[in-house]
1. In Å², and per residue, what accessible area does the chain have when probed at 1.4 Å with the other protein chains present?
2. If you take the square roots of the eigenvalues of the alpha-carbon gyration tensor of the stretch 695-761 and sort them as a ≥ b ≥ c, do you get rounded (a/c under 1.5), prolate (a/b over b/c) or oblate?
3. Using a 7 Å offset from Cα along Cα-Cβ at Asp375, what residues in the stretch 871-888 end up with backbone N under 17 Å from the label point?
4. Counting each pair of different Cα atoms once, what's the Kirkwood radius of the stretch 619-712 in Å, rounded to one decimal?
5. Multiply the residue gap between Leu586 and Asp337 by 0.36 nm, knock off their C-alpha separation, and tell me the result in nm, one decimal place.
6. Determine the dipole magnitude for the stretch 103-243: charges of +1 sit on the beta-carbon of Lys and Arg, -1 on that of Asp and Glu, nothing else is charged, the reference point is the Cα centre, and the result goes in debye to the nearest 20.
7. Along the principal axes of its C-alpha atoms, what lengths does the stretch 1-62 span, in descending order and rounded to whole Å?
8. Considering the options Ala676, Ala665, Gly717, tell which one lies farthest towards the positive end of the dipole of the stretch 635-770, charges being +1 on Lys and Arg and -1 on Asp and Glu at the Cβ, about the Cα centre.
Amino acid sequence: MREGQNSVIHRSDYQEPAFWIDSVDLCFDLDPAKTRVLNKMKMRRNPHVVPQALRLDGEELNLSRVLVNGQGTSFKMEDNQLVLENLPAGNDVFELEIFTTCAPAKNTKLSGLYTSGDSFYTQCEAEGFRRITYFLDRPDVMASYTVLLRADKSKYPVLLSNGNLVEQGTLDDGRHFAKWVDPFKKPSYLFALVAGQLVAREQRITSRAGKEHLLQVYVRPGDLDKTEHAMNSLMASVAWDEARFGLSLDLERFMIVATSDFNMGAMENKGLNIFNSKYVLANQATATDTDFGNIESVVGHEYFHNWTGNRITCRDWFQLSLKEGLTVFRDQEFSMDLASEASARAVKRIEDVRVLRTAQFPEDAGPMAHPIRPDQYLEINNFYTVTVYEKGAEVVRMQQTMVASGPSDPLGREGFRKGMDLYFQRHDGSAVTCDDFTQAIADANPDSKLAQLLPQFKRWYSQAGTPRVKAVGSFDGASGTYSLTLSQSCAPTPGQAVKEPFVIPISLGLISADGSEVASSMHVLTQESETLTFTGLQAEPVPSILRGFSAPVILDFAYTDEQLLALLEHDTDPFNRWEAGQRLALNRMMAFISQDALAVADMKLDARYIEAMRSVLRHPKLDAAFKELALTLPSETYVAEQLDVVDPQRIHAVREALRAQLATALHADWEWAFEAHHENGAYKPDSLSSGRRALTGLALAMLCIAARTSGDTVWPGKALQRFKDAGNMTDRFNALAALVTSGSDLAAQALQRFHAMFKDEALVIDKWFALQAGATDRGGNILPIVKQLMTHPDFSMRNPNRARSVIFSYCSANPGAFHRADAAGYVFWSDKVIELDAINPQVAARLARALDRWKKLAEPMRSAAREAIARVAAKPDLSNDTREVVTRALSED
Ligand code: BES
Ligand code: ZN
């Protein structure tokens, strides 16, 4: 069968399945070259659907036998479906047995059953189960699973599947077996099995409800010393879901398994979560604070899916945000609640918004724009996007905000909890839609703004694109009245020329000249334009709009420098305080970029901005993590989004120039910051100490950058020393990165030493590759380095983490190096997309998205990029995954 010849699926075409599967009895004889799978299903016709043939999905399977109620039967193959036309009439249950084989060792797509090292793993979401056996591989078909695993006992001593282990024992020829029964019905995408030589960290816990559970984290022997943090994160997740949502663990045993070959981050299979090892393994010597934080949130995320995703699942894949948006919202809240101090909560919020604005806003403005509930797809894997996830989480967050009921529940937490309770009461055990979710939240809060505005609010689910809110203020001194006019608009997106107004909750404050807050309120904008008035004011206030980033919109307000400086100094909302600093920087960057004739050497930062940054850095009350965020300039990607025509190299040059000035002008302050935030004592990845490490890391990078200009050798020397002496990976890696980023002569020896130190730590070697492929470009030097890295014996195209660490770090995360006037970056990209597509289409399609925004590029990049995309598109036998991305990129829509 040729790759990728399927057609587009539409949301409006949803139909119930013609058959239900009540139970599945699976028997596996595991062998890397040829695994045998016997699948016995109890099925019946769905009485709501006209009688028709049974069509089971299957991919890359060898079929050897089909029996109906124990008898042979006729069947045919159509595309990738097994079609049975002569099934018993009537609504009685019948038994269907299907015997197939597959080849896990040859499965480079890492979807279905595959081997990694010497072990077996599965990945079934979204449509991988059909690569294991013929099935109704769709989420609204929920069945009870019994799984018998048989394999060689010495090679595969551990045999795991979903639910509870009910039987195990030995067989002939050195083989053994294990039988697992999952007490809950589930869709096929939540099926999992793992077999191999693994060891587990175990923890017994008693829940609030008084039940005993066994928690296990399975890893390869030798990695046990890196599982403590994952286990702690899992225990914290269990406790948090009970405390905040009253949701308890419903299984006796909950397992996490790490694998080093994984397409995504992690997967929520019922009772048997499978993780990319990157999101499990950590100790202070090998993982950074960021890694520790990611592990906490990914472990939480997959655990929280047990209720929001598994107990209540999606009716069809168009509803993906039902589980993903909601679960991202839950993992964000989990991390914030664990952070406890208000400042750490704000830091987490700023980080989440930064992801949304640098990744989701561009998606919403590009060729792949889609609503959080898409209307069509060619390949569902392409719709596990920042829009479905992060914007989806913002849409859930707005629902929480809009069920707030006054001073007793200002944030809406209690109202939202009531809504979640009702959602479970109504839908536990079923496959539902986004409409069902919003309806439950609204119905539980009948007097809320959400309930009043529900039909209009739901436009967030159906309309793509990022709304823009333009705010204009005017002050009438005579009456002491300030008016703020808020207008909304949203640019067309592919297939959606006209947008209706959204419901936009806008958290507002007014700051007076002396810095005190004179008003604060929540306004819900529903019209195209509305004017708010505030009376009794002595002087014109500074408006603080969209506090806490209360809605996923772009806010336009023509702030003056004075106003931004006032907000930076006085705003009670930490998000907008950070935002004011970013706007000050952005305005300057934009001004320099737009003056075509201005040479980089002549771009001079004004004293006012520098002084503002100095006072943030030296501020006695602000904490280190916040300072690190505030002193980091807006990213090149974020700046690019603010421009109509993008010259990535110019953006890069401007950002580098300003960074060098901040480094030099604040030299003494960076020295102070570096010395004053030293951590003594045992390593702990908590928010306070990781914030201090982040700030010293930035300070060291700035001091090395300043040294490049001044010729100073002291700070690069200190960085090298710190690199050598560091007691943890965060400090060590920051020191290494400071040398690499600043282009220090000492970088090469440090890189070499780093590789030698960690040659057996795959996750650390990924960092080593990523740092070099993502380094600051100097005269086009990065592409040759990337090509060189790909000849390194440690490089592999087949391991997704390794491929990402080099190729994605260059193509997707290093715009200044990738967008070359000679088009060599794009030629490299198209070669790698094509090469990867033959190995692993999911990974290839993600890489294909690196050129999503090609239409904005300045010439000659624009034409060169189009040519590179067309070159990929012209390749016959492209996967659906990659074909969908490049076709959309080239479309004129
Ligand atoms: N259900 C997904 C994993 C998944 C994604 C399976 C795409 C199949 C296709 C899982 O819950 C998830 O969302 N994982 C994220 C990490 C999470 C913390 C946002 C991932 O893998 O990136
Ligand atoms: Zn998820």
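1. 38 Å²
2. Prolate.
3. So the set is 888.
4. It is 14.6 Å.
5. Working it through step by step, the gained length comes to 86.5 nm.
6. Details: 18 positive and 17 negative charges, 54 e Å.
Magnitude of the dipole: close to 260 debye.
7. Between the extreme Cα coordinates on each principal axis of the stretch 1-62 lie 41, 32, 18 Å.
8. Final value for the positive-end residue is Gly717.
The values are calculated or read from the model by the stated rules, or taken from the named source; none is laboratory data. Not measured: the values here are computed from a predicted model. Reconstructed Cβ throughout: ideal geometry from the backbone, glycine too, with neighbour counts over all protein chains shown. Quick note on the areas: whole protein, heavy atoms, side chains included, nothing else; ligands and nucleic acids left out. Shrake-Rupley method; radii C 1.70, N 1.55, O 1.52, S 1.80 Å.
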